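Engineer: Below is a structure I'd like to ask you about.
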Amino acid sequence: MILQFKTLSDLREVIKEYENFMARPTPKLSHPTLYRKRDVGKEDVLLKGIRKKDWFFSEDEKWVLPHDQMGLSFSSHWQHLKGVYKMLEKRNPSRLVNVYWMIEDADIPNGLKFVPDKRKKGHYLLTVTEPILLAHLIKKLKLVAYRMSVIENAGIAL
């Protein structure tokens, strides 16, 4: 059976029956798990699409090390998702925003794990569970992105 969702509310009702979701609002034409220069502030440092401040790096910046409060940001509650969406919209009102989402317990690659942020309710981090080469993390994040579904121009739904 194939279902088509017109709004996030439609999707929310179906997901409630199964498990928690993880969502990530992303400017249109941007990658859901990697960054481009246009996606970050001037002060942010990018290492092959990885925002340095999101991860715990080794001194030589070739390895990403485990840290339970550093990783790629996701929303697990609708209110948190709406807040992040509004922040993105405020930064650049002319850009459309897509929401990429997946079921929390979906088949994420070995070595990655969703961890709740201790400071913000509804905010989760996709973290590494073991030391991993930067190049391998990039491959795993591309795989996560491939497995995510998207709601295009999510502003209408939110």
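Each value in this text was obtained by applying a stated rule to the coordinates, not by laboratory testing. Here the structure is a predicted model, which is why all the values come from computation and not from measurement. Please note: Cβ atoms are built from the backbone with ideal geometry, for glycine as well, and neighbour counts cover all protein chains shown.
Engineer: Would you list H136, H80 from fewest to most Cβ contacts within 10 Å?
Structural biologist: Working: H136 15, H80 19.
The most exposed by this proxy come first: H136, H80.
Engineer: Quick check: net charge around D44, other residues with Cβ under 12 Å of its Cβ, Lys/Arg +1 and Asp/Glu -1?
Structural biologist: Values: positive: R36, K37, R38, K42, R51, K52, K53; negative: D39, E43, D54.
Net charge around D44: +4.
Engineer: Once you order the gyration tensor axes a ≥ b ≥ c over the Cα atoms, which shape class does the stretch 8-151 get: rounded for a/c under 1.5, otherwise prolate or oblate by comparing a/b with b/c? Kindly include the intermediate steps, with their values, before the conclusion.
Structural biologist: Numbers: a/c = 1.74, a/b = 1.24, b/c = 1.40.
Cα axes put the stretch 8-151 in the oblate bin.
Engineer: I would also like to ask the following. Can you put Y35, Y100 in order, fewest other beta carbons within 10 Å first? Before the final figure, lay out the partial values.
Structural biologist: Working: Y35 19, Y100 22.
Ranked by crowding around the Cβ, least crowded first: Y35, Y100.
Engineer: Tell me which lysines have Cα within less than 30 Å of K62's Cα, excluding those fewer than 8 residues away on the same chain?
Structural biologist: K62 reaches K28, K37, K42, K48, K52, K53, K113, K118, K120, K139, K140, K142.
Engineer: Can you list residues whose amide H is under 5 Å from R51's amide H, if they're 5+ apart or on another chain and H is modeled 1.01 Å from N?
Structural biologist: Correct list: Y35.
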